[in-house]
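Q: Just dropping this structure here.
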Amino acid sequence: MFGNSHFDRVRQLFADQFEPDRDDFLYRKSMKGRAVRVSRAERDAFVADFKKRLRYVTWSIIPLTLILIGALAWLMPDSDGMQAKSATYIGVALILLPFFIGYYWAWNAPARALERRPEEGAARSRDEVRHLMFSRMTYGQLGFAALGGVFLAWKASGDTDITRGWGILWLIFAGALIAVAAVQAFRKWRSERQ
């Protein structure tokens with residue numbers, strides 16, 4: 001989780017917000033907002049700052065997790081009880097909350113810094129954004145998502161009966177995941193043909 005390779009995709013998504021334009025770059029928040037011109041040095045500084053902040057929020061999970069484990073072991077020695085399980089879920093949510101707040105703060109840093117800079121181009125339309133997203137999505141990713149749905153159903157079937165009662169929700173969720181992957185693959189194919 002904490003190695004460099006695991007967050008390469010996130011770092012690349014952040015860097016993709018800066019599109020080369022002659023000797024400079026155009027920044028578009030989440031690749032769809034209004035275009036703002038930035039220099040190469042500014043772009044490099046934003047990317048380096050995002051990497052540093054991402055590293056900080058990622059490593060903050062370790063001490064928070066150790067604190068949670070210690071608190072649960074001290075306050076709830078019966079780890080099989082319903083109260084201990086609820087406390088665990090709440091604790092995990094409290095650990096992830098600072099991570100997501102720090103992540104989104106780092107992601108939006110360029111937009112905050114450049115909000116008063118003049119616009120070089122209007123925001124992209126929904127069709128432009130959709131075409132861009134489909135061009136970056138691969139069929140392998142969609143196939144992996146569909147396989148994830150199959151694996152989810154198989155894994156859940158080992159613990160519960162997924163054809164009866166509340167267990168059927170696992171089957172519905174897995175089917176929905178497979179259906180979404182199939183629909184997105186069709187939409188990607190149709191977008192490429194236009």
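The values are calculated or read from the model by the stated rules, or taken from the named source; none is laboratory data. Fair warning: this is a prediction, and the values are worked out from it, not measured in the lab. Note that each Cβ is placed from the backbone with ideal geometry, even for glycine, and that neighbours are counted across all protein chains shown. Protein only, heavy atoms only, side chains kept; ligands, DNA and RNA dropped before computing areas. Shrake-Rupley method; radii C 1.70, N 1.55, O 1.52, S 1.80 Å.
Q: Could you tell me which of rounded, prolate or oblate describes the chain, using a ≥ b ≥ c as the square roots of the eigenvalues of the alpha-carbon gyration tensor, with rounded for a/c under 1.5 and, failing that, prolate when a/b is larger than b/c and oblate otherwise?
A: Details: a/c = 2.94, a/b = 1.35, b/c = 2.18.
The shape class here is oblate.
Q: Could you tell me how far the Cα centroid of segment 52-71 sits from the Cα centroid of segment 81-147, in Å?
A: Cα centres, segment 81-147 to segment 52-71: 20 Å.
Q: So how do 103-110, 68-75, 84-91 stack up, highest first, on mean other-Cβ count within 10 Å?
A: Working: 103-110: 16.2, 68-75: 11.9, 84-91: 13.4.
Descending mean neighbour count gives 103-110, 84-91, 68-75.
Q: Sorted by mean Cβ packing within 10 Å, highest first, what order do the peptides 55-64, 10-19 take? Working shown, then result.
A: Numbers: 55-64: 13.7, 10-19: 15.8.
So the order, starting with the most tightly packed, is 10-19, 55-64.
Q: Over segment 1-123, what percent of the accessible surface lies on carbon and sulfur atoms, probe 1.4 Å?
A: On the way: 4940 of 7990 Å².
Ligands and nucleic acids excluded, carbon and sulfur reach 62 percent.
Q: Explain nothing, just compute: Karplus ³J(HN,Hα) = 6.51 cos²θ - 1.76 cosθ + 1.60, θ = phi - 60°, for every residue of segment 13-26 in order, whole Hz, x for Gly and Pro.
A: Working through the residues one at a time gives 4, 5, 5, 5, 5, 9, 9, x, 8, 6, 8, 10, 10, 10 Hz.
Q: What residues qualify as long-range amide H neighbours of E120, i.e. H under 5 Å apart, gap of 5 or more or another chain, H built at 1.01 Å from N?
A: Close amide H contacts, sequence-distant or interchain: A35, V36, R37.
Q: Can you give the helix-only mean residue ellipticity at 222 nm for the chain, where every DSSP H stretch with n ≥ 4 adds -39500 (n - 2.57) and the sum goes over all residues, rounded to the nearest 500 deg cm²/dmol? Present the calculation step by step, with values, prior to reporting the outcome.
A: Values: 8 runs with 132 residues, N = 194.
Computed ellipticity for the chain at 222 nm equals -22500 deg cm²/dmol.
Q: Remind me, relative contact order of segment 1-123 in percent, using alpha carbon pairs under 8 angstrom and six or more residues apart?
A: Numbers: 109 pairs, mean separation 39.3, N = 123.
In percent, rounded to a whole number, it is 32.
Q: I'd like to compare 23-36, 41-54, 131-144: which one has the highest average count of other Cβ atoms within 10 Å, and what's the full order after that?
A: Working: 23-36: 18.2, 41-54: 15.6, 131-144: 13.5.
Ranked from most to least packed, the peptides come out as 23-36, 41-54, 131-144.
Q: Right, next: Return one whole number: the accessible area per residue of the chain in Å², for a 1.4 Å probe. Spell out each step's value before the answer.
A: Details: 13280 Å² over 194 residues.
For the chain, the per-residue accessible area is 68 Å².
Q: Anything over 28 Å Cα to Cα? Flag those among K52/K85; K51/K85; K85/K155; K52/K188, in the order listed.
A: On the way: K52/K85 34 Å; K51/K85 34 Å; K85/K155 21 Å; K52/K188 34 Å.
Flagged as over cut-off: K52/K85; K51/K85; K52/K188.
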